[in-house]
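The block underneath contains the structure these notes are about, expressed in structure tokens.
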Amino acid sequence: MHPARDASLRGPCSASLAAAPSTGHVDGLGTTELFDRLLPTMPWNTLIDTVMGELHARGKTLHDVAEVLRAAPIDPHVVAAIKATYGLGCDLRVLSDANRFFIETILDHHGLPGYFSEINTNPSRVDADGHLRIAALHDFHAGPHGCGLGTCPPNMCKGQVLERTRVGISSNTLSVVATKTLSVAAGLGVGVC
């Protein structure tokens, strides 16, 4: 792995989503006990889909879920880093094991959706009954995603997504983006992962 390429692909983008609490929606909607009980028994996105089903059964709406997500704080320095990096012409992308509905709701709330050219995450949809469904990016029921690392969750291999992204970006572009990303992040006091 090349540090400049890694920084260019992860930089402030990953920090923006890491700033949002990963279980705030569970606590905010009163399903902490269910979540804690099921967490050791199933993959993350299957767990979130199960919790969304329980919320739907309890009468919670998509609007209720969105309101809790909108309350998720993002450090203003991260928002500034995203905007500054984008302003320098960088191509920003999201890579997250969350899901499209959660990410888009949070980005919309903070005025950030137009700053990202791509969102790589688990798909989500709302069924005919208004129930938010979360699926896996990689169908682990059909078999393992095959990265060979053994550290990825079964539903999403970030390494495969990064590799696909790297193949689609020229090395010259990566160097320019990495330099700009590191400069902006350093100037705003945001660490680059």
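Observations
- Residues whose amide H comes within less than 5 Å of that of residue 92, counting only those at least five positions distant or on another chain, are 117 (H built at 1.01 Å from N in the peptide plane).
- With DNA, RNA and ligands ignored, accessible area of residue 35 (1.4 Å probe; Å², nearest 10): 10
- Treating r as the C-beta distance of residue 133 and residue 163 and R0 as 35 Å, the FRET efficiency rounds to 0.80.
- Global geometry of segment 38-121, whether rounded, prolate or oblate, following the gyration tensor of its Cα atoms and the 1.5 cut on a/c: prolate
The values are calculated or read from the model by the stated rules, or taken from the named source; none is laboratory data. Computed from a predicted model, the values in this text were never measured in an experiment. No Cβ is skipped: glycine too gets one built from the backbone with ideal geometry, and neighbour counts run over all protein chains shown. The protein model used for the area step is the full one, side chains on, heavy atoms only, and it has no ligands, DNA or RNA in it. Shrake-Rupley method; radii C 1.70, N 1.55, O 1.52, S 1.80 Å.
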